Amino acid sequence: MALNVTAAAVYGAVGLLQGTLGIPRDWLDGTPFGSWALPAIALLVTVGVPQLVLAALAFAGIRAAIPAGYLMGVGLVAWIAVQLLVFRRYFVLQPVVVGFGVIEIALAWWWSRAAHLRWNGR
């Protein structure tokens, strides 16, 4: 899941920078942004990189993946909330990203339950 979100964040950031996502420039009207460059960088820094870290932790089997999963899931939901507040526009992929965040939260919960049972000998 986290690698898919990382790939989507990179694709989105590149698309914003190149103008190939079909998002009109007038969506920036009324925002503090003069171009899509800062939103693209924010997407990479606040979504892409943390999701990549989560994927690395999970694949390595490091226990920190559990709290990171909760944090990254909440982070995805927060990312969309901030988008809606700043841009005041709806985009069809926003509910999908929220869904990914909810799935990451659920996976972190599942991993924590599985780890708890394993560590307590059940």
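The values are calculated or read from the model by the stated rules, or taken from the named source; none is laboratory data. Quantities reported herein were computed from a predicted structural model and do not represent experimental measurements. Positions of Cβ are generated from backbone atoms using ideal geometry, with glycine treated the same way; all protein chains shown enter the neighbour counts.
Structure above, values below:
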{"item": "Meets criteria (touching a Ser or Thr at 6+ places or on another chain (Cβ under 8 Å) and either surrounded by 13 or more Cβ atoms within 10 Å (Cβ to Cβ) or not charged (D, E, K, R) (or both)) for residue 12", "result": "no"}
{"item": "Any hit, the range 50-59, residues being under 30 Å from residue 29 (Cβ atoms) and either touching a residue at least 40 places away in the same chain (Cβ under 8 Å) or under 12 Å from the mean Cα position of the chain (by Cα) (or both)", "result": "yes"}
{"item": "Unique residue being touching a Gly at 6+ places or on another chain (Cβ under 6 Å) and not polar (S, T, N, Q) when the list is 38, 21, 57", "result": "21"}
{"item": "Residue within the range 14-30 that is under 24 Å from residue 106 (Cα atoms) and not acidic (Asp, Glu) present", "result": "no"}
{"item": "Leading residue by the ranking (modelled with the lowest pLDDT) among those in the range 71-111 that are surrounded by fewer than 18 Cβ atoms within 10 Å (Cβ to Cβ), touching a helix residue (DSSP H, G or I) at 6+ places or on another chain (Cβ under 6 Å) and of a type outside the set (A, V, I, L, M, F, W, C)", "result": "89"}
{"item": "Boolean, residue 38 is over 24 Å from residue 3 (Cβ atoms), modelled with pLDDT of 95 or more and of a type outside the set (Ser, Thr, Tyr)", "result": "yes"}
{"item": "Sole exception among (1) of a type in the set (Val, Ile, Thr); (2) outside any helix (DSSP H, G or I); (3) closer than 24 Å to residue 73 by Cα for residue 5, by number", "result": "(2)"}
{"item": "Members of the range 18-48 that are surrounded by 14 or more Cβ atoms within 10 Å (Cβ to Cβ) and either in a loop (DSSP other than H, G, I, E, B) or touching a Ser or Thr at 6+ places or on another chain (Cβ under 9 Å) (or both)", "result": "21, 23, 28, 33, 36, 39, 47, 48"}
